[in-house]
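A.B. asks: My questions will all concern the structure given below.
The values are calculated or read from the model by the stated rules, or taken from the named source; none is laboratory data. Remember, it's a predicted structure, so these values are computed and weren't measured experimentally. Glycine gets a Cβ as well: all are built from the backbone with ideal geometry, and neighbour counts include every protein chain shown. Remember, those area values only see protein heavy atoms, side chains included, never the ligands or the DNA or RNA. Shrake-Rupley method; radii C 1.70, N 1.55, O 1.52, S 1.80 Å.
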Amino acid sequence: MSKSTNIVWHNATITRELREKQNGHKGAVLWFTGLSGSGKSTLAHAVEDRLYHMGSRTFVLDGDNVRHGLCSDLGFSDEDRTENIRRIGELAKLFLESGSVVLTAFISPFQADREIARNVTPHGDFYEIFCDASLDVCEERDVKGLYAKARSGEIPHFTGISSPYEAPQAPELVVNTGEQSLEACVNQVIALLAKRGVIETYERPVAVA
């Protein structure tokens, strides 16, 4: 329950619909979830790059980056993970109001927490994208050396090792990031956005100053 009192939501003169019209596409929240090393951030940034070159307005909220500022006061207990995702869901909603396509790359291991993020988003604007890669593949990549530290006990509450990951039950898209190429994964996300009418199927050139 909110602790804030005596506050009233201010309705902007420039609406989301007007911003989307100016942008030339609809806003959306793309919620990339999966184990550490499953390729969430890599895919989110690659999709953003593709959308940028199609003339779309985008922004990526990356798990590590957000924990440097907005969520720097949070640890990795179950309670802190829940609060982390709650904050990101609210932040993504604000970006959505700008008419942007906001891409979030967070492990977000608990189904209930992802549902909270979905529920604060206007109906139909939340796209849960499961980056499906096996634990073996993620450990083999282990680009940050986190799995090795987790197995040695240096990192407690590590998802997939000492803390559970609850795979999405009904995501909008499952991308096999463990076996497919990055380009193929990007194509699947772009196809989903085109099918749902978020973007046009053609690529608009980027204006050159």
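A.B. asks: Work out the length of the dipole vector of region 83-209 about its Cα centre, built from +1 on the beta-carbon of each Lys and Arg and -1 on the beta-carbon of each Asp and Glu, and round it to the nearest 20 debye.
C.D. replies: 280 debye
A.B. asks: I'd like the carbon and sulfur percentage of the solvent accessible area for region 27-185, probe radius 1.4 Å, heavy atoms only, ligands and nucleic acids excluded.
C.D. replies: Solvent-exposed carbon and sulfur of region 27-185 make up 52 percent of the total.
A.B. asks: Treating the angle as unsigned and between 0 and 90°, give the value, to the nearest 10°, between the Cα long axis of helix 182-195 and the longest Cα principal axis of the chain.
C.D. replies: The two axes meet at around 40 degrees.
A.B. asks: For region 21-154, taking Cα atoms only, what is the radius of gyration to one decimal and the Dmax to the nearest whole Å?
C.D. replies: 15.2, 52
A.B. asks: Per residue, how much accessible surface does the chain expose to a 1.4 Å probe? Answer in Å², no decimals.
C.D. replies: 56 Å²
A.B. asks: What residues qualify as long-range amide H neighbours of Gly160, i.e. H under 5 Å apart, gap of 5 or more or another chain, H built at 1.01 Å from N?
C.D. replies: Distant-sequence amide H within range of Gly160: Tyr165.
A.B. asks: For a quick check, take a GNM of the chain with Cα springs below 10 Å and name the residue from Gly34, Gly145, Gly89 with the largest mean-square fluctuation.
C.D. replies: Ranking Gly34, Gly145, Gly89 by mean-square fluctuation puts Gly145 first.
A.B. asks: Then there is this: For the chain, what is the mean residue ellipticity at 222 nm derived from helices alone (per DSSP H run of n ≥ 4: -39500 (n - 2.57); sum divided by total residues; nearest 500 deg cm²/dmol)?
C.D. replies: Taken over the chain, the calculation gives -11500 deg cm²/dmol.
A.B. asks: Using amide H atoms built 1.01 Å from N in the peptide plane, name the residues 5+ places from Gly37, or on other chains, whose amide H lies under 5 Å from its own.
C.D. replies: none
A.B. asks: Given a Förster distance of 30 Å, report the FRET efficiency between His45 and Thr13 from their Cβ-Cβ distance, rounded to the nearest 0.05.
C.D. replies: Once rounded, the FRET efficiency stands at 0.35.
A.B. asks: For Leu94 and Asp73 in one chain, what is 0.36 nm times their gap in residues minus the Cα-Cα distance, to one decimal in nm?
C.D. replies: Separation in residues times 0.36 nm, less the Cα-Cα distance, equals 5.4 nm.
A.B. asks: So, one more: Suppose every K and R has +1 on its Cβ and every D and E has -1 on its Cβ; what is the size of the dipole of region 27-135 about the Cα centre, in Debye to the nearest 20?
C.D. replies: Value, rounded to 20: 260 debye.
A.B. asks: Got the relative contact order for region 36-148 handy, in percent, Cα pairs under 8 Å and 6 or more residues apart?
C.D. replies: 35 percent
A.B. asks: Next question. Cα centroids of region 74-118 and region 28-59: how far apart, whole angstrom?
C.D. replies: Cα centroid to Cα centroid, the span is 15 Å.
A.B. asks: Now, a different point. Rounded to a whole number, what is D in µm²/s for region 92-209 from Stokes-Einstein with the Kirkwood radius over alpha-carbon pairs (10 °C, 1.306 mPa s)?
C.D. replies: In µm²/s, the coefficient rounds to 95.
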